[in-house]
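What follows draws every value from the coordinates through simple rules; no lab data is involved. The structure presented is a predicted model; accordingly, all values stated were derived computationally and were not measured. Note that each Cβ is placed from the backbone with ideal geometry, even for glycine, and that neighbours are counted across all protein chains shown.
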Amino acid sequence: MKVACIGNSNNIFFSIARYLRDRGIDADVLLLNDESAHFHPSADTYDLDYQRYTASLSWGKPLGFTTVPARQIAEDVKKYDFIIGCGSTPAFLHKIGRPLDLFIPYGTDVIVYPFFSLKRPAYSLMCAPFIRNQQRGIRSASYLNFDLTNEEMEKVILRLKYPGKRLECGIPMVYTPMYHPERIAQFYDRSRWYREFEKIRREHDIVIFHQTRHVWKNSPDPFSWKGNDKLFIGFSDFVKQAGIKACIVTCEYGADVDASKKLVCDLGIEKQVFWFPQMMRKEIMIGLSLADIGTGEFHMSWLSCGTIYETLAMAKPLMHYREDTLYEKRYPELYPMIRVKTAEDITRALHDYAARPADYKKMGEAGRSWLQRHAIDEPLNAYLKIMKGG
């Protein structure tokens, strides 16, 4: 069987393709022509093996939908027996009458792409054919893999009116054979930022890694809010109270980077916050491996996302907001974590970490075990079963 993984936003499909190839499936990665540079496969590996099974498509941009010949799309996918897609893939495949076998959205493809927007009427009018085809393409997909989220996001899924089968499990979006606490050190000498990470590690007692986009003042939608300000405020109170050499490592990524930098200065913690350029995943994982605590989001409850899984993969305790009652019926157990929502919660949690770090190390190890069972093995087994006609 030959499988196409179309798109790679959030590094998802390059990871899936590698897992499938490890299991004997001939899987290719086909990149849409609107992929961000930090989601290219080369941003998620230190070797060139991806070149054997990665190709770039000439289509994918919503505004270019009507200009792409159907014959070109058909030619690009004709050799594949099974197609997994994200982003604009549902619309382009619907244009040639081919349903997706498995749709694995990353966010914008279900929040923005399938709907007309009164806030952007001109754009919606220009993209009207694309929007209609995205709706129909999603609804015609045989399977949808979308983990349980929160009440607001579930309303979006209901609005799609998807009639097929939904896999309510995590997505294998982090390639753990490579990103393993006991193997990651082999890549240190190939990392662009290892020396800086190592120096920070050496000079601090507690290192908090925060790769989340900075979105806490100017969000394009209710789902993008991250609550980064709460981390800085909570951390500031902790270091002033505890007198411990602690720091935050973060990235210049997101609409509110400047606002975060101003807040850091206003709080007087600029010497304890280290800013790096927007980083590729392979660099994020190096930094995480040398940190004590990983972070998620502090605004809306999420069970799964890239920053969560990256932290769990490196066996680091995760500081994040999660409303457990939303997920307990689906999962017999949830990964252990440092559950926080307010700046005060974060301050208390950091004091507790400082008092008993060994317990939190065990938490990180248990989180990695959960990730392997529920967000890697379970979905991959489901994909293989579907491919076999089960």
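In a DSSP loop and with at most 15 other Cβ atoms within 10 Å, the trypsin sites (Lys or Arg not before Pro) in segment 265-334 are LYS329, ARG330. May I ask you to list the trypsin sites (Lys or Arg not before Pro) in segment 57-117 that are in a DSSP loop and have at most 13 other Cβ atoms within 10 Å of their Cβ? Passing both the DSSP loop test and the Cβ count: LYS78, LYS79.
The GluC sites (Glu not before Pro) found in segment 182-241 that occupy coil by DSSP, while having at most 14 further C-beta atoms within 10 Å, are GLU182.
Taking amide H atoms as placed 1.01 Å from N in the peptide plane, the amide H of ILE6 lies under 5 Å from those of LEU30, ILE84, GLY85, CYS86, each 5 or more residues away in sequence or on another chain. Which shape class applies to segment 34-109: rounded if a/c is under 1.5, otherwise prolate when a/b exceeds b/c and oblate if not, where a ≥ b ≥ c are the square roots of the Cα gyration tensor eigenvalues? It is prolate, given that a/c is not under 1.5 and a/b is the larger ratio.
With helices as the sole contributors, the chain gives -11500 deg cm²/dmol at 222 nm; each DSSP H run of n ≥ 4 counts as -39500 (n - 2.57), and the sum is divided by every residue. 3J(HN,Hα) along segment 365-373: 5, 5, x, 5, 5, 4, 4, 4, 6 Hz, from the Karplus curve 6.51 cos²θ - 1.76 cosθ + 1.60 with θ = phi - 60°, whole Hz, x for Gly and Pro. Placing +1 on the Cβ of every Lys and Arg and -1 on the Cβ of every Asp and Glu, with no other charges, gives the chain a dipole of roughly 880 debye about its Cα centre. Nearest 10 degrees, 0 to 90: what angle lies between the long axis of helix 228-242 and the longest principal axis of the chain (Cα atoms)? Helix 228-242 sits roughly 20 degrees off the main axis of the chain. In order along segment 342-352, the Karplus-derived 3J(HN,Hα) couplings, from 6.51 cos²θ - 1.76 cosθ + 1.60 at θ = phi - 60°, round to 10, 4, 5, 4, 5, 4, 4, 5, 5, 4, 5 Hz, and Gly and Pro are given as x. Here Kirkwood radius over Cα pairs in Å was computed from the coordinates, and among [x] 22.9; [y] 21.8; [z] 24.1 the match is [y]. The convex hull built on the alpha-carbon positions of segment 254-390 has an orientation-averaged projected area of 10.5 nm².
Tell me which of VAL110, SER124, GLY164 sits at the most positive position along the dipole axis of segment 28-176, charges placed on C-beta atoms (Lys, Arg +1; Asp, Glu -1). The listed residue farthest towards the positive side: SER124.
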